[in-house]
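Reviewing the structure listed below.
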Amino acid sequence: MKKANLLIFLLLPLFCIAQSTLKLKGKITNEIASLEWADVSISNLEGKIIDGTTTKQDGTFEFNVKNGSYKINISLLGFEEYEKEISIEKDIDLGTIILKENTNNLVEVVVQSKKKTVEQKTDRLVYNLENNVTNVGGDALSAINTAPGVVVQNNTINILGKGTSRVMIDGRMIELAGEELNNFLKSISASDIKNIEIISNPPAKYDAEGTGGLINIIMKKRVRDSWKNTTTVSYDQNKFGVSTLRDNFFYNKNKFRFSASVNAKTGYINATDDLKIYFPDGLSHMKSVTKVKTENLSGKLALDYDLSERTTIGFQYLNDRNNPDFKSDISIHNYNTQNQLDKITLNKSNTDRGSGNQTYNAHLITKLDSLKRKLSFDVDYFNYDSKFDRNFIANNYTPDMIFTDVNQAGRNVSNQDIENWSFKADMEHPLQTINLSYGAKMSFTNSISDILYYNTITGTPELDPNQSNRFKYTENNQAVYVNADKKINEKWNFQLGLRLENTQTTGFSETLNQETENNYLKLFPTFYASYKKNENNTFSLNYGKRINRPRFDLLNPFRIYISSNSYSEGNPFLKPSFSDNFEFAHSYKEILRTSVFINSVTNGYGVLFTSNPETNTQIVTRENYFKNLSYGVGESYSATFADWWSSENSLYFLGAKTEFIKDIDATPSNSLQIDFSTNNTFILGKTTKLQIDFEYSTPFKSGLYEIGYTSSFDIGFKQDLFNKTMQIAFLANDIFNTSYLKDFTSVVNGVKQVYDQKESNRFVRLSLVYNFGNKKINVKERAFGNQEEKKRTGN
């Protein structure tokens, strides 16, 4: 009976009586004539585009809308942008709207027409990265790192004070994490990104995965009845060099939209690691120098076709291939208690790596009526495969570099294949009293990883079955959600959501003959409230519950040896962690934004750098070992000090309280962390911009670990040429080489470990971007554009 009642509740809105539609029309002209091909869009007050079109030959346009409050935006190259809020209760004719031509004073025009860099919405922060010069010629990962309150370090993307975040593109989840996710994001051109949404408490329509919330990358949508091509060439110089070529093509005519992109990158980067382990009988100091080949080829195809004014079908295909081979030289110096050098171990290795992923998406979107009730279906298939083949030999030497014996020699071969199918159905169902949305999703994941270890110490490879393993993992998830938002009046707005997820996992190690199952059913509520006191002050409060599931590789119980005295192993018994996230925010004139947040994590898991002082062995494990309460205050300030100088600034104060729930020989400690950043754009002329950015994070303690300071000082320069069809950009990134992970310290079992990791963060980049196309493809009919479909989030 309960299931029947739930079904009735979900389906009842389908039978509600439709509202009548209203007409909104107008005409666009300049001082002397009508303007054809002006882009006209209508959005809600939160900024979500509802519909769009272009003006006809006589400058007229027309929309069908329901009653409510909206924003209308009109833009045309060579004219100042027009925006106005309107309230519609009956048919409205806006009459003639006269656009003003841009004057010769470009500085004034740019300041008037450019979008705000940061916009605060009810449930997210929107970062418009086009104003930041350092993103020219860059990729999606570097663009995310320039977003306010987001930090990318050590292969993780974090929202400050909240934890590791998952990433979506146009609302579609990317089923990658860590280094694989970063490599994929590096294949996406920043010039194709419209904005980045930072969603610290995602609504119920999104997957509940990720304690750190979601980063949603919104790609640019092109103008109707046009085609455009953008070619980008860039060269990065660090210790070595990296060259990148990107090309993006878009075509839109009548009912058909097509886009294609290709990205190729080649070169080398340098990485160094430094680890000090203070054993009771002396220091073990490891240094590693690695030359990594950056070789990437990726592409994307997408097409959409309007079967009718109300129904669109589409298909997307992405392919990404990486071949990051590397060569490492590792030295380990062992000292006695008198700090005298006892032994040196030198490990030389060559690694052949390769990875690739393919993503397929098919979707159908249909408007059920003129009231924007919309039903969408998505079928997604994702496949990721990787290979790892490492040959190494570690020799022992006396302090005088006299060879004594072979410490270890071997060949590690591993392969991983991950396959995921997902099916989604989503309904947007606006009613007279509330906006309702609901849907369901099923996801099926299979992962197989093989690890083979050959002992080559005798010169003849011998398979070691005790160090070889095959691990199979399956994860199935079923979810339903319902979400409702209600605008009470011009001051109050509420949103309430509930998501139910049912998960079944199975892991099996063939070598250990060990199977682990985990099944759980969980509810994830979300709540948002916003209050607009007046034109200058807006307050909001939100809450969300999240889950953080372990990555597949962390569940593999097999050991991977770095040396005979150092190994890493996964844990098939890892359980998900859960978090409750609260945030209160205030916005003053959309210039000064304040947020106060509290996040509570239960059953938290992470990496444990432990040691056995009896055998001088380092062990890297994964455990559910802590619970954590983190809190903080964030301030961001958007300033325009002059017509030629704009600035985005943020300051965060972060704290935490950590308790260990597992018996480990360590003591948790926490301290205050302060994070500051400032991004400054200077307009030097009609076509010239200068960017100066600086960020700094203080040293801090967090649970088991102590982490050193980080900082970065960047300078960027952009010159527009040929009426902005070409841009030349220069970037000096991390000029003082201080943005790397340093002094990463832990003390477990009485053994102190200090780790530094330095990658090629300091580099200079020269980029050339060239745009060409045609905005006026002849069309047979001029029906209104399907802007909402093109903006679809897939959820």
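The values are calculated or read from the model by the stated rules, or taken from the named source; none is laboratory data. On a predicted model such as this, the values are computed, not experimentally measured, just so you know. All Cβ positions, even for glycine, are placed from backbone atoms using ideal geometry, and neighbour counts span all protein chains on display.
Just one residue in the set Thr538, Thr526 is polar (S, T, N, Q), buried (at least 17 other Cβ atoms within 10 Å of the Cβ) and touching a Lys or Arg at 6+ places or on another chain (Cβ under 6 Å); that residue is Thr538.
Going residue by residue through the range 528-542, is there one that turns out to be over 30 Å from Ser587 (Cβ atoms), assigned by TED's automatic domain parsing to the domain that holds Phe377 and either hydroxyl-bearing (Ser, Thr, Tyr) or in contact (Cβ under 8 Å) with a residue 12 or more places away in the chain (or both)? Taking every residue of the range 528-542 in turn, none turns out to be over 30 Å from Ser587 (Cβ atoms), assigned by TED's automatic domain parsing to the domain that holds Phe377 and either hydroxyl-bearing (Ser, Thr, Tyr) or in contact (Cβ under 8 Å) with a residue 12 or more places away in the chain (or both). Filtered by the rule that a residue be more than 24 Å from the chain's Cα centre (by Cα) and in a loop (DSSP other than H, G, I, E, B), the range 701-710 gives Leu704, Gly708.
Residue count for the range 177-207 satisfying the condition of being farther than 26 Å from Thr232 by Cα and among the aliphatic types (A, V, I, L, M): 4. Considering (1) touching a strand residue (DSSP E or B) at 6+ places or on another chain (Cβ under 6 Å); (2) without any contact (Cβ under 8 Å) to a residue 12 or more places away in the chain, the lone condition that Asn723 does not fulfil carries the number (1). As for the range 375-392, it holds no residue that is surrounded by 19 or more Cβ atoms within 10 Å (Cβ to Cβ), assigned to a strand (DSSP E or B) and basic (Lys, Arg). Given the criteria farther than 30 Å from Phe63 by Cα, in a strand (DSSP E or B) and in contact with a helix residue (DSSP H, G or I) (Cβ under 8 Å, 6 or more places away or on another chain), does Asn357 qualify? So Asn357 fits the description; yes.
Checking each residue in the range 35-87 for being hydroxyl-bearing (Ser, Thr, Tyr), more than 30 Å from the chain's Cα centre (by Cα) and either in the same structural domain as Pro430 (by TED's automatic domain parsing) or in a strand (DSSP E or B) (or both) picks out Thr53, Thr54, Thr60, Ser69, Tyr82, Ser87. Within the range 651-669, the set of residues being in contact with a Phe, Trp or Tyr (Cβ under 8 Å, 6 or more places away or on another chain) and among the polar types (S, T, N, Q) comprises just one member, Thr658. Give me the residue from the range 582-632 that is closer than 20 Å to Leu704 by Cα and of a type in the set (D, E, K, R) and, out of that set, modelled with the highest pLDDT. The selected residue is Lys627. The strands (runs of 3 or more DSSP E) found entirely in the range 174-271 that carry 3 or more residues being touching a Leu at 6+ places or on another chain (Cβ under 8 Å) and in contact (Cβ under 8 Å) with a residue 12 or more places away in the chain are 193-199, 226-237. Annotation: of all residues in the range 16-55 being acidic (Asp, Glu) and either farther than 28 Å from Met219 by Cβ or modelled with pLDDT of 75 or more (or both), the one that is surrounded by the most Cβ atoms within 10 Å (Cβ to Cβ) is Asp39.
If you go through the range 289-303 and keep only what is over 20 Å from Gly267 (Cα atoms) and either surrounded by fewer than 18 Cβ atoms within 10 Å (Cβ to Cβ) or polar (S, T, N, Q) (or both), you end up with Leu301, Leu303.
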